[in-house]
Amino acid sequence: MSTKISKEDLKSPDQMTKTLREGFVWTTSHSKMVIGAIGAFIVIGVGVSLMNYFSEKKEVSSQEKYFLLEKTYTEKKRGFEEASRAEIMQAQAKDKKAAPAFDPAKKASGELEKDYGTVVSGFESFISENPKTKAAQMAAVNLSDIYLSYKKNAEALTALEKVEKGLDKNDVLAGLVWMQMGNVYADRGDCKGAISKWESITSQKGLAFAHDEAKLRMGLCFETMNDTAKAEALYTEVTKKEDASTTDFAASKEAQKYLRLLKAKQNL
């Protein structure tokens, strides 16, 4: 029997008393069951505390391993980016000797295995071993970035799907993972799939910081699907947002531009 007090119960003191009394009678007549339940809750409470302890311990351990992987990845990526910049500056420089030295051997080859082979396998193994940790979620976002840069959309989506079940819906990482999943779907031409992931972001109050960007991208997808009414409504929402504390001004500026372009098209 439930002893929960409803709003209707609170309207009447007699009814509330009756509800409490019924609860008391049920408790005293089932004292052994109640004592057993209290004992079970104590055991469960201790179990939960131990689980939290081991969970936090595992999270710390997994993040330590993740940061080693991330360090290797960022160093490789930085090296490729620096080589690419040096090549551009060499090509644009009038005085080739004064331009930064460019070593072709340090440039990315364009082949995933050759450029990031060990990084990819490291991230993949780490995600498989720690799928429900925040560290794995960060690894999945980085891994999906690598795959997307080599036009491997299916692999990027698979990496993100492996960690999706472990997301805390109001956590920043949930916003990053869903945003990236939407990007992958959109890049594949699947705007319906993309919108469903971006709606996962806009439905969570705790992810308000990402609402504007998600709505902007949803607007672009609706425009691609020739649903200009929804696109216009979303662009307008982003441009006229009243809460400055969660306003993404870059997204707002972009939305203003897309709104003007949309209206211009409609007037043609």
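Quick notes on this structure:
- For segment 136-220, applying the loop criterion from DSSP together with a ceiling of 10 other beta carbons within 10 Å to the GluC sites (Glu not before Pro) yields no site.
- The simple spin-label model puts a point 7 Å past each Cα toward its Cβ; for Ser149 and Leu68 those points are separated by 2.3 nm.
- In plain terms, the chain from Ser84 to Asp171 could stretch by 27.8 nm, reckoned as 0.36 nm per residue minus the Cα-Cα distance.
- Solvent exposure of segment 223-268 amounts to 70 Å² per residue of accessible area, where only protein heavy atoms count and the probe is 1.4 Å.
- When only Cα pairs below 8 angstrom with a gap of at least 6 residues are kept, segment 146-268 shows a relative contact order of 17 percent.
- Exceeding the 31 Å Cα-Cα cut-off - candidates Lys134/Lys215; Lys58/Lys197; Lys169/Lys192; Lys107/Lys205: Lys107/Lys205
- Available extension along the chain between Asp227 and Ser61 is 55.0 nm, counting 0.36 nm per residue and deducting the alpha carbon span.
- With θ taken as phi - 60° and the Karplus curve 6.51 cos²θ - 1.76 cosθ + 1.60 applied, the whole-hertz 3J(HN,Hα) list for segment 69-80 is 5, 5, 4, 4, 5, 5, 5, 5, 4, 4, x, 5 Hz, x standing for glycine and proline.
- Per residue solvent-accessible surface (Å²) - segment 75-184, probe of 1.4 Å: 55
- The alpha-carbon of Lys230 sits under 19 angstrom from the alpha-carbons of these aspartates and glutamates, leaving out residues fewer than 8 places away in its chain: Asp190, Glu199, Asp212, Glu213, Glu254.
- Portion, in percent, of the accessible area of segment 118-199 that falls on carbon or sulfur, probe 1.4 Å: 49
- Label-point gap, in nm, between Leu261 and Ala93 - each point 7 angstrom along Cα→Cβ: 3.6
- Where trypsin sites (Lys or Arg not before Pro) fall in DSSP loop in segment 159-268, at most 12 other Cβ within 10 Å: Lys165, Lys240
The values are calculated or read from the model by the stated rules, or taken from the named source; none is laboratory data. Predicted, not measured: the structure shown is a model, and the values here were computed from it. So basically every Cβ, Gly included, is an ideal-geometry build from the backbone, and we count neighbours across all protein chains shown. Just the protein is used for accessible areas: all its heavy atoms, side chains included, with ligands, DNA and RNA removed. Shrake-Rupley method; radii C 1.70, N 1.55, O 1.52, S 1.80 Å.
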